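S.K.: Pasting a structure here, questions to come.
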Amino acid sequence: MLSTAAILANTPAQLLPAREQMAFTLAMHILLVPFGVALPLITLVMHHRGLRRGDAVALLLARRWSAVMAVQFAIGIITGTVLSFEFGLLWPGMMGRWGDVFGLGFGVEAWAFFLEAVLIAIYLYGWRRLKPWTHFWLGVPLPLAALMGAFGIIAANSWMNTPRGFSLDANGNPINVNVQQAIFTPMFGPEYWHFVVAMFMTAGYVVAGVYAVGWLRGRRDRYHRLGFTVPFTVATILTPIQFMLGDSAARAVFHKQPVKFAAMELVWDTDTHVPEYMFGRLNSDGTVSGGLKIPQLDSILAGFKPSTQVTGLTSVPADDRPTIVQATIAHWAFDIMVTVGSLLILLALWYAWSWWRHRDLPRTRWFFRSAAVAGAACLVTVECGWITTEVGRQPWIVYNRMRVSEAVTDTRASSLWTMLGIVIVVYIAVFGAFLAVVLKMRTRWRIADEGSAAARAALPPETDTPYGPRSEPEPAGAASGGGSDSGSGGAS
Amino acid sequence: MAELIAWVLVVVIAAYACAGGTDYGAGFWDLVAGGAERGKRPRGLIDHAMAPVWEANNVWLIFVLIVMWTGFPTMFQAVFSAMWLPLALAAVGLVLRGAGFALRKPSRRLAQRRIYGAMFAVSSLLTPFFLGAVLGGIASGRVKVGTTASADAWANPTSILAGLLAIAATAFLGAVFLCSDARRFGARDLVDYFRLRALLAFAGVVVLALIALPVTHNDARYVWDGLTGGAGLLLVILAAVCGLATVLLLLRRSHGWSRYTSVASVALVVGAWGFAQRPYVLPTSLTVTQAAGASHTLRWLMIVTVIAIILVGPALVLLYRLDTQGELEELTDAETVAARTPGDNL
Ligand code: HDD
Ligand code: HEM
Ligand code: HEM
């Protein structure tokens, strides 16, 4: 702990509030990202099914998901814009020095999001008047644009983890910048695929979870069945893939960021035959208290044999590595991620088994209970994954090249604390309102689906805006015509 | 190459000023539309007209930031250090604005709508003000490499005038567009409603510009000279012509073209400012060449920009076309099969 105090003593006072704000805003933004990346695809799958088979229930689901998407996308955009501002407001030192080396990834991100914003507007507002298939095809590039956006962000982040594509002049400023190298850094591949799959899994489990809850409450119609099966199947197929991708990401960290790996696995001294700790707490003398110790396993996981040498935290001076507390945080975050990942595999196996044996969903309530929890667990896992990546990199903002304390703004700490306070209040209000609005939509749909006569009667005949030709009630082709009579199909 | 990227930056800022500006302007008129009953129709129109395009309109801002930090990292660092407070406030404003707008629509209760609407409208006023103030501070040479955050950088005559001008210009753009939208949706009364407001906003712009002339003469000397001579002056004159043309078109009720002329006038002003600042990104301390990032990066930034134009351009055109042809409409409760819940009063 002494070393922690010593490090804190010569860090600028701005560092703590700046970090807290970055962590908070990113952690909030990342909760929406799975839906931004993956919900369009899941919706399109459902949409396609609806058009192809003339399935009114599927179309209704797709339409309702796009109503949710409209709000979610807006909140995703604004929280993302804040992050862009924060690069300047909190870390001007990093952008001033390295902006031209790694900033280009964001350039790709920007046009991808631009495309996404345009296409999503067309998709969300095209339901009523575009021809059904035209409308569908205009939505198809959406998932690609989302993947491109993630490409940009992850390129930037993986560059921060394994910076390259430049050399330094006498003053330590980057010269000879090579953009291709700076984008495709060693961590990029493992991080990107692991991330993308995480997004699809998370969106799949969360959406399926909503219908699992409905199922548990006794709403067992086709609407719920469909709403559950499509996203859940996507997610379960990805789960084992994600396990393997995570494993290879871990090995990439082992090779490219050995000190971070040491923090994730609580390895104190460089050694062979290193044991694996599940959870546990690192002490300042390098021992681990609590937790489950499995001899040799860490070396085996890292290099497939017990004699693999694993770099320890003490291989670098104390102020070049995560503190004891940070190491413990990264370790816990990593272990939670792995635990959840493994549990999800069991869930996926259960589902696969049931299909294989009965061609049907498992019947027990416990399956649906687990499925309902899986979405939330995935969101927690995503947070944990990022905590592993970011906290494990400390004290570097650019691994081994620039410290977080060198990048932070000069603005007075008191202003930063105030800003942090405002941001927390605003975000909690906005996310709270967002959640309330989405839950409210759900209630409305459920009431309508339950066909309660009173609610029906109260539904205004034409809930349109009172303007000219646009608002003429019109059965706009199959896309919207199908939905209106499907209300009896189910409830949300 | 650096010069070229600097122009890309100016063009993107101009695009944001026009697209985002229209949006902020709509927010401004939402704010002053009066009580719930009186403001119902204008607000309905604003909601209806903005909904499909506001997200795309605001992505330009992200482009601005990215071109800044990739193309001119030192300038980015200097601006964000010196202008910390207005930029932080603008960021908060952006959140409140976007959230307010997005959440207002699905709400069916008057009280909730009021809160979200107020969030949206007030921040539509504050955000352009702070962004304008930042531009004013830069133009008046108050940002240098190493300047730390201080009130002087943005709370000075030039900044405040620039902020107010930003508000007036957005209000002008917003009203001109809403005028055409009202016609498009067949809301006759609102055409005149927004026509009057567009003229008022234009008068506001002119008054502010006249005040700004003497005030900024000494305060922002370099840019002032650039705007009153050479290419800068030419663009300013063109902008004025476009502005007057807009007024004429409004008076003659030809609402088809007024949108283009109004956009042109705002874009030309931004372009004039670009000319006036040459060769500086931060007058008069940092030139484009000094601020430029690595040349390999700039080349790639150009490539990325070209790809962006090729990919995003047609999509954007499609969006605006579908929108003006009335092909884009919000899903209604009838189509998502939603019922009312107790307490709904809208
Ligand atoms: C659904 C979510 C999910 C699941 C089930 C897993 N992960 Fe993960 N993981 C993420 C979601 C995630 C993430 C949030 O998406 C991260 C953060 C950074 C990144 O690129 O992906 C991440 C990062 C991340 C990193 C850090 C990479 C770095 O530091 O740069 C490692 C080593 C792993 N993961 C390993 C695993 C392993 C071995 C798993 C096996 C069970 C696993 N993850 C399951
Ligand atoms: C999206 C999910 C992410 C989350 C939840 C996240 C989380 C965090 C956390 C917890 C910290 C604070 C670390 C500490 O105080 O010990 C942090 C810092 C930071 N992160 Fe991330 N991060 C994410 C992704 C990214 C990405 C994609 C980037 C950039 C491309 C990024 C850039 C930074 C920067 C610049 C800092 C400040 C410096 C630092 O403390 O290392 N983060 N983030
Ligand atoms: C973990 C990595 C991240 C990913 C994959 C990601 C992904 C996304 C996605 C998919 C959107 C679209 C909005 C939505 O659908 O909700 C979005 C919005 C945005 N994100 Fe993030 N984000 C990440 C972190 C960040 C970071 C660190 C920044 C900071 C530069 C950022 C900047 C933005 C911006 C500027 C937007 C709004 C632009 C737009 O949508 O048009 N994101 N993000």
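Each value in this text was obtained by applying a stated rule to the coordinates, not by laboratory testing. Keep in mind the model is a prediction, meaning the values are calculated, not measured. Methodologically, a virtual Cβ is constructed for each residue, glycine included, from the backbone with ideal geometry; neighbour enumeration extends over all protein chains shown.
S.K.: Over chain B, what is the relative contact order in whole percent, taking alpha-carbon pairs under 8 Å and six or more residues apart?
M.R.: Across chain B, relative contact order equals 24 percent.
S.K.: Grab the beta carbon distance between A:Thr270 and A:Leu439, set R0 = 41 Å, and tell me the FRET efficiency rounded to 0.05.
M.R.: 0.20
S.K.: To continue, here is another question. Under a 10 Å cutoff between Cα atoms, tell me which one of B:Gly25, B:Gly313, B:Gly243 has the largest fluctuation in the Gaussian network model of chain B.
M.R.: B:Gly313
S.K.: Also, quick follow-up: What is the average number of partner chain Cβ atoms found within 10 Å of a Cβ in A:431-440?
M.R.: 3
S.K.: Right, next: In debye, nearest 20: dipole of region B:2-216 around its Cα centre with unit charges on the Cβ of K, R (+) and D, E (-)?
M.R.: Dipole magnitude for region B:2-216 comes out near 820 debye.
S.K.: Cα-based Rg of region B:1-84 per 2.2 N^0.38 Å, rounded to two decimals?
M.R.: Its radius of gyration relative to the 2.2 N^0.38 Å reference: 1.43.
S.K.: In whole Å, what are the extents of region A:246-364 along the principal axes defined by its C-alpha atoms, from largest to smallest?
M.R.: 58, 27, 23
S.K.: Out of the chymotrypsin sites (Phe, Trp or Tyr not before Pro) in region A:240-331, which ones are loop residues according to DSSP with at most 16 other C-beta atoms within 10 Å?
M.R.: When the chymotrypsin sites (Phe, Trp or Tyr not before Pro) of region A:240-331 are filtered for loop state and at most 16 Cβ neighbours within 10 Å, A:Phe279, A:Phe304 remain.
S.K.: On a straight-distance basis, which lysines could pair with A:Lys131 in a cross-link, Cα separation under 29 angstrom, same-chain partners fewer than 8 positions away excluded?
M.R.: Partners within reach: B:Lys105.
S.K.: May I pose another question? Going by amide H atoms built from the backbone, whose H comes under 5 Å of the H on A:Trp396, apart from near neighbours?
M.R.: Long-range HN contacts for A:Trp396: A:Val404.
S.K.: Using the Cα centre as the reference, give the magnitude of the dipole from point charges on the C-beta atoms of chain A (Lys, Arg: +1; Asp, Glu: -1; all else neutral), rounded to the nearest 20 debye.
M.R.: 1760
S.K.: Going by how many other Cβ atoms sit within 10 Å of their own, how do A:Val274, A:Val68 line up, fewest first?
M.R.: Fewest-to-most Cβ neighbours within 10 Å comes out as A:Val68, A:Val274.
S.K.: Same structure, new question: What residues have an amide H closer than 5 Å to that of A:Thr270, excluding those fewer than 5 places away on the same chain, when H is modeled at 1.01 Å from N in the peptide plane?
M.R.: So A:Thr270 has HN proximity to A:Gly312, A:Thr314, A:Ser315.
S.K.: Please work out whether the protein assembly as shown counts as rounded, prolate or oblate from its C-alpha gyration tensor, where a ≥ b ≥ c are the square roots of the eigenvalues and a/c under 1.5 means rounded, while otherwise a/b larger than b/c means prolate and anything else oblate?
M.R.: oblate
S.K.: Please give the Cα centre distance for region A:261-292 versus region B:12-84, rounded to the nearest Å.
M.R.: 50
S.K.: Where the centroid of each part is defined by its Cα atoms, how far is region B:237-259 from region A:84-121 in Å?
M.R.: 36
S.K.: For the ranges B:111-121, A:150-160, what's the packing order if you count other beta-carbon atoms within 10 Å of each residue, average per peptide, and put the highest first?
M.R.: A:150-160, B:111-121
S.K.: Order these peptides, B:271-282, A:426-437, by their mean beta-carbon neighbour count within 10 angstrom, highest first.
M.R.: Highest-to-lowest ranking by the protection proxy: B:271-282, A:426-437.
S.K.: Here's something else I'd like to know. When Rg is the radius of gyration of the Cα atoms in region B:89-192 and Rh is its Kirkwood radius, what does Rg/Rh come to?
M.R.: So for region B:89-192, dividing Rg by the Kirkwood Rh gives 1.11.
S.K.: Report ³J(HN,Hα) in whole Hz for each residue of region A:329-342, in order, from the Karplus equation J = 6.51 cos²θ - 1.76 cosθ + 1.60 where θ = phi - 60°; Gly and Pro get x.
M.R.: Result, rounded to whole Hz: 4, 4, 5, 5, 4, 5, 5, 5, 4, 5, 4, 4, x, 5.
S.K.: Let me ask something else about it. I want to verify the translational diffusion coefficient of region A:324-368 in µm²/s; compute it with Stokes-Einstein, Rh as the Kirkwood radius over Cα pairs, at 37 °C and 0.692 mPa s.
M.R.: 264
S.K.: What value does chain A have for Rg/Rh, both radii from Cα atoms and Rh as Kirkwood defines it?
M.R.: 1.01
S.K.: Hey, another quick one. What does the charge dipole of the protein assembly as shown about its Cα centre add up to, to the nearest 20 debye, if the Cβ of each Lys and Arg holds +1 and the Cβ of each Asp and Glu holds -1?
M.R.: The dipole of the protein assembly as shown has a size of about 2040 debye.
S.K.: Turning to a different aspect of this structure: What ranking do A:406-417, A:288-299 get when scored by the average of other Cβ atoms within 10 Å per residue, highest first?
M.R.: Going from most to least packed, we get A:406-417, A:288-299.
S.K.: Residue-wise, which Karplus ³J(HN,Hα) couplings in Hz belong to region B:181-190, taking 6.51 cos²θ - 1.76 cosθ + 1.60, θ = phi - 60°, and x for glycine or proline?
M.R.: Ordered by residue, 3J(HN,Hα) equals 4, 4, 5, 4, 8, x, 9, 3, 4, 6 Hz.
S.K.: How about region B:1-91: which trypsin sites (Lys or Arg not before Pro) there lie in a loop by DSSP and see at most 12 other Cβ atoms within 10 Å?
M.R.: Those that pass, being in a loop and sparsely packed, are B:Arg38.
S.K.: Counting only other chains, and only Cβ atoms inside 10 Å, what mean value do you get across the residues of B:201-208?
M.R.: Average per residue, whole number: 0.
S.K.: Here is a further query. Where does the charge balance sit around B:Val53 when Lys and Arg score +1, Asp and Glu -1, over other residues with C-beta under 11 Å from its C-beta?
M.R.: So the surrounding residues net to -4.
S.K.: Determine the relative contact order of chain A: mean sequence separation of Cα pairs under 8 Å and six or more apart, normalised by residue count, in whole percent.
M.R.: 21
S.K.: Could you give the distance between the Cα centres of region A:141-214 and region A:321-376, to the whole Å?
M.R.: With region A:141-214 and region A:321-376 each reduced to a Cα centre, they are spaced 24 Å.
S.K.: Between A:Ile345 and A:Ala13, what FRET efficiency comes out of the Förster formula 1/(1 + (r/R0)^6) with R0 = 56 Å and r the beta carbon distance, rounded to 0.05?
M.R.: The formula returns an efficiency of 0.80 here.
S.K.: Follow-up. With n ≥ 4 as the cut-off for DSSP H runs, can you work out [θ] at 222 nm for the protein assembly as shown, using -39500 (n - 2.57) per run divided by the number of residues, rounded to the nearest 500?
M.R.: -25000 deg cm²/dmol
S.K.: Can you run phi through the Karplus equation (6.51, -1.76, 1.60; θ = phi - 60°) for region B:26-33 and list ³J(HN,Hα) in whole Hz, with x for Gly and Pro?
M.R.: Once θ is set to phi - 60°, the couplings for region B:26-33 become 4, x, 4, 6, 4, 4, 9, 6 Hz.
S.K.: Quick one: if the Förster radius is 22 Å, what FRET efficiency do A:Asn176 and B:Met1 give, using the C-beta to C-beta distance and rounding to 0.05?
M.R.: 0.85
S.K.: If I take the Cα coordinates of chain B and project them onto the principal axes, what are the three extents in Å, biggest first?
M.R.: Taking max minus min along each principal axis of the Cα atoms, chain B gives 62, 40, 39 Å.
S.K.: Can you give me the long-range amide H partners of B:Val281? Hydrogens built in the peptide plane at 1.01 Å from N, cutoff under 5 Å, separation of 5 or more residues or another chain.
M.R.: Those qualifying (amide H under 5 Å, at least 5 residues apart or on another chain) are B:Leu286, B:Thr287, B:Val288.
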